[in-house]
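Enquirer: Have a look at this one.
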C-alpha cells in the first residue's frame, strides 16, 4: 500500500479544497453572475425602448391634438370669398379689387381645396400687407400660394397685387 506523509495529506486536502472551490465557482457563482449581468443588460435595453416608446407616444399625442384642431378649423370654415371681402373692407381696398376667381377641387372625396385668384389694382403697400396679415390671423386654414407685386401705372406709390390663396374645407 502507498504510504502518504502528513505533508502530502495536507497538500492533497488543499488541492481537493481548491478543486471544490473551482467547481463551486464554475458551477454556481459564475452562472449566477452571468445571469445578473444579462438581467442588467436586458433591463437597460428595456429602459431605452421604454424611453423611445414614451417619445413616440408624446409625438402621437401632439399630432392627434393638431389633427383635432385642424378638423375643428375645417368644420368651421365658410366661404373664402366672404372672408376676403370682409378683410378687404376692413383694410379699405375692397373698391380696388379687379377680380376674384374660385377654383374648387376635391381631395379624396373628404376635403375640398379652393384656390382663389385675386387681383387688386392701385393699392398702397401698407394696405395689402395689413390685408395679408388679417387673412393669416383668421380662423381659417389659408395658404398664400403666390404674391405678385407690380408697380401701378396710374400712381407711383401704389401697386397692382395678384394673390393666389388656397383654403381647405370638408365636403
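Throughout, read-outs are computed from the coordinates displayed, never taken from laboratory work. Values in this document were obtained by computation on a predicted structure and should not be read as measured data. Note that we place each Cβ from the backbone using ideal geometry, even for glycine, and neighbour counts take in every protein chain shown.
Enquirer: Given R₀ = 30 Å, what would the calculated FRET efficiency be for residue 113 paired with residue 150, taking r from the Cβ atoms and rounding to 0.05?
Expert: 0.65
Enquirer: Related question: So if I take the centroid of the Cα atoms in the stretch 156-171 and the same for the stretch 87-125, what is the distance between those two points in Å?
Expert: Cα centroid to Cα centroid, the span is 5 Å.
Enquirer: Among 162, 116, 5, what is the fewest-to-most ranking by other Cβ atoms within 10 Å?
Expert: Taking fewest neighbouring Cβ atoms as first place, the list is 5, 162, 116.
Enquirer: Considering the alpha-carbon set of the stretch 39-83 alone, what are its Rg and its Dmax in angstrom?
Expert: In order Rg, Dmax, the Cα atoms of the stretch 39-83 give 19.8, 66 Å.
Enquirer: Give me the orientation-averaged projected area of the Cα convex hull of the stretch 7-75, in nm², one decimal.
Expert: Details: hull surface 21.4 nm².
With the hull built on Cα positions only, its mean projection is 5.3 nm².
Enquirer: Same structure, new question: Hey, could you grab the Kirkwood Rh for the stretch 60-171? Inverse mean 1/r over distinct alpha carbon pairs, Å, one decimal.
Expert: Working: mean 1/r = 0.0666 Å⁻¹.
For the stretch 60-171, inverting the mean 1/r across all distinct Cα pairs yields 15.0 Å.
Enquirer: Using only the alpha-carbon atoms, how far is helix 125-136 inclined from the longest principal axis of the chain? Give it as 0 to 90 degrees, nearest 10.
Expert: 50
Enquirer: Helix 80-90 against the longest principal axis of the chain: what's the angle in degrees, Cα atoms only, rounded to the nearest 10?
Expert: For helix 80-90, the angle is close to 70 degrees.
Enquirer: May I ask for the angle, rounded to the nearest 10°, between helix 6-24 and the longest principal axis of the chain, with both axes built from Cα atoms and the value confined to 0 to 90°?
Expert: 20
Enquirer: Which order do 32, 120 fall in if you start with the one that has the fewest other Cβ atoms within 10 Å? Don't skip to the end; give the middle numbers.
Expert: On the way: 32 10, 120 25.
So the residues, fewest neighbours to most, are 32, 120.
Enquirer: OK, next. Would you compute, for the Cα atoms of the stretch 107-165, the largest minus smallest coordinate along each principal axis and list the three values in descending order, in whole Å?
Expert: If we take the Cα atoms of the stretch 107-165, the spans are 47, 20, 11 Å.
Enquirer: Here is a follow-up. Please compute, for the alpha-carbon atoms of the stretch 37-111, the extent along each of the three principal axes and give them in descending order in Å.
Expert: Principal extents (largest minus smallest coordinate, Cα): 79, 31, 19 Å.
Enquirer: Please rank 89, 130, fewest neighbouring Cβ atoms within 10 Å first, as an exposure proxy.
Expert: Working: 89 11, 130 16.
With the fewest neighbours first, 89, 130 line up as 89, 130.
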